[in-house]
1. Check whether at least one residue in region 178-185 is in a strand (DSSP E or B), surrounded by fewer than 18 Cβ atoms within 10 Å (Cβ to Cβ) and either modelled with pLDDT of 95 or more or out of contact with any Pro (no Cβ under 8 Å at 6 or more places or on another chain) (or both), and report yes or no.
2. Do we have any residue at all in region 39-58 that's polar (S, T, N, Q) and touching a Ser or Thr at 6+ places or on another chain (Cβ under 6 Å)?
3. Can you say whether Ala283 is surrounded by 19 or more Cβ atoms within 10 Å (Cβ to Cβ) and not β-branched (Val, Ile, Thr), as far as the supplied structure shows?
4. Can you tell me which of Asn78, Asn110 is surrounded by fewer than 17 Cβ atoms within 10 Å (Cβ to Cβ) and touching a Leu at 6+ places or on another chain (Cβ under 7 Å)?
5. For region 242-258, check the following and say yes or no: at least one residue is among the basic types (Lys, Arg) and without any contact (Cβ under 8 Å) to a residue 24 or more places away in the chain.
6. Among the residues that make up region 126-138, is at least one of them basic (Lys, Arg), out of contact with any His (no Cβ under 9 Å at 6 or more places or on another chain) and outside any helix (DSSP H, G or I)?
7. Could you tell me whether any residue of region 42-60 is under 26 Å from Glu280 (Cα atoms), in a helix (DSSP H, G or I) and either in contact with a strand residue (DSSP E or B) (Cβ under 9 Å, 6 or more places away or on another chain) or modelled with pLDDT of 95 or more (or both)?
Amino acid sequence: MKKKILILSGGISKERLISLDTGFQVAKELKKNGYKVKIVEPDNSLKKIIKEFRPKVIFNALHGQFGEDGYIQTILENFGIPYTHSGVIASSIAMDKEISKKLFIKHKINTPKYFTYSFDLKKSYLLKKIEKKLKFPVVIKPLNEGSSVNVYICNKKNIFKILNTLKNYKKIMIEEFIGGREIQVAIMGNRKLGAIELKPKRKFYDYQAKYNSNAKTEHVIPVNLEKEKLNQITNMAYKAHKVIGCSGVTRSDFKYFKNKFYLLEINTQPGMTKLSLVPEIAAYKGIGFKDLIEWILKDATKKK
Ligand SMILES: Nc1ncnc2c1ncn2[C@@H]1O[C@H](COP(=O)(O)OP(=O)(O)O)[C@@H](O)[C@H]1O
Ligand SMILES: [Mg+2]
């Protein structure tokens, strides 16, 4: 009998479209390889669908809120069917940029200086705090989004205008701006899979630079780094993966400036379209899309 795989994709996060693409690509590959595949949205009908379809593994192709932050993972735990990527706790820690940063700092993984802001300070105090702790420009970002959604580089002139647009978030992160290069590292279970460098033509690696091929971000693999430096960055990603307790494949995003790596975040549900970075790193290491997906499915059956 054909192995049945249920793919969760879409969802309610701001990364819905990316998730639909990941789900579609994974489904296409699995179908090609003889699996029986069903793609569903994670809504109230999920329990009924799982009962009827009885999948062997659930491939979680969701990104962002509700799909990557421990919520859906909690629901999936209750069904008792193996699901891909990280479990409840690791997903919720990794999705929270403040909590994961605290863990990076505790474990001496270098990360940009920051503070969080709850729209509770007078403008003049906020400016003073930035000048004292971080200096301009700064990067402003939500604590729990992805795909560069609502990430802004701000200076003294535009910061309040931008903050005003972010008031729906209870709390946001204000981080020191790190110039230099943009490098991302994939970890696959216990394997330090490798790194890729992104050279955006835009001001930074924003949503357009990530997903709009007209924005022409250049992907560079292998990354031009000395062996020792490459080991250093892959070790940092590996440590972050382990410290947070991640499973399956993760992708850690770094800046590299003046000979120093800065870990921005770790992603527990990295994009899995054929053009995404983890599949590109895997392919460079001789692991094709098919083998990558099969490894992820197999890994799901191990206890998280
Ligand atoms: N402190 C920073 N200094 C410079 N660039 C940053 C900084 N933080 C984020 N960026 C830019 O914004 C992008 C998205 O930020 P990141 O923290 O990875 O959030 P997301 O979860 O949205 O991917 C990064 O890939 C980088 O290009
Ligand atoms: Mg990122």
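1. Our first condition is that a residue be in a strand (DSSP E or B); within region 178-185, this holds for 181-185.
Narrowing further to those that are surrounded by fewer than 18 Cβ atoms within 10 Å (Cβ to Cβ): 181.
With the extra rule that they be either modelled with pLDDT of 95 or more or out of contact with any Pro (no Cβ under 8 Å at 6 or more places or on another chain) (or both), the set shrinks to 181.
Yes, because at least one residue in region 178-185 is in a strand (DSSP E or B), surrounded by fewer than 18 Cβ atoms within 10 Å (Cβ to Cβ) and either modelled with pLDDT of 95 or more or out of contact with any Pro (no Cβ under 8 Å at 6 or more places or on another chain) (or both).
2. There is no residue in region 39-58 that is polar (S, T, N, Q) and touching a Ser or Thr at 6+ places or on another chain (Cβ under 6 Å).
3. No, not satisfied.
4. Details: Asn78 fails: touching a Leu at 6+ places or on another chain (Cβ under 7 Å).
After applying the criteria, what remains is Asn110.
5. To start, the set of residues in region 242-258 that are among the basic types (Lys, Arg) comprises 242, 251, 255, 258.
Applying the additional criterion that residues be without any contact (Cβ under 8 Å) to a residue 24 or more places away in the chain yields 242.
Yes, because at least one residue in region 242-258 is among the basic types (Lys, Arg) and without any contact (Cβ under 8 Å) to a residue 24 or more places away in the chain.
6. yes
7. Going through region 42-60, the residues under 26 Å from Glu280 (Cα atoms) turn out to be 57-60.
Those left that are additionally in a helix (DSSP H, G or I): none.
Scanning region 42-60 turns up no residue that is under 26 Å from Glu280 (Cα atoms), in a helix (DSSP H, G or I) and either in contact with a strand residue (DSSP E or B) (Cβ under 9 Å, 6 or more places away or on another chain) or modelled with pLDDT of 95 or more (or both).
Residue-by-condition table, conditions (1) in the same structural domain as Lys56 (by TED's automatic domain parsing); (2) over 24 Å from Gly23 (Cα atoms); (3) in a strand (DSSP E or B); (4) over 18 Å from the mean Cα position of the chain (by Cα):
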| residue | (1), (2), (3), (4) |
| --- | --- |
| Glu197 | no, yes, yes, no |
| Lys201 | no, yes, no, yes |
| Gln208 | no, no, no, no |
| Thr234 | no, yes, no, no |
| Glu265 | no, no, yes, no |
| Thr273 | no, no, no, no |
| Ile281 | no, no, no, no |
| Ile293 | no, no, no, no |
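The values are calculated or read from the model by the stated rules, or taken from the named source; none is laboratory data. Owing to the predicted nature of the structure, the values given are computational and were not obtained by experimental measurement. No Cβ is skipped: glycine too gets one built from the backbone with ideal geometry, and neighbour counts run over all protein chains shown.
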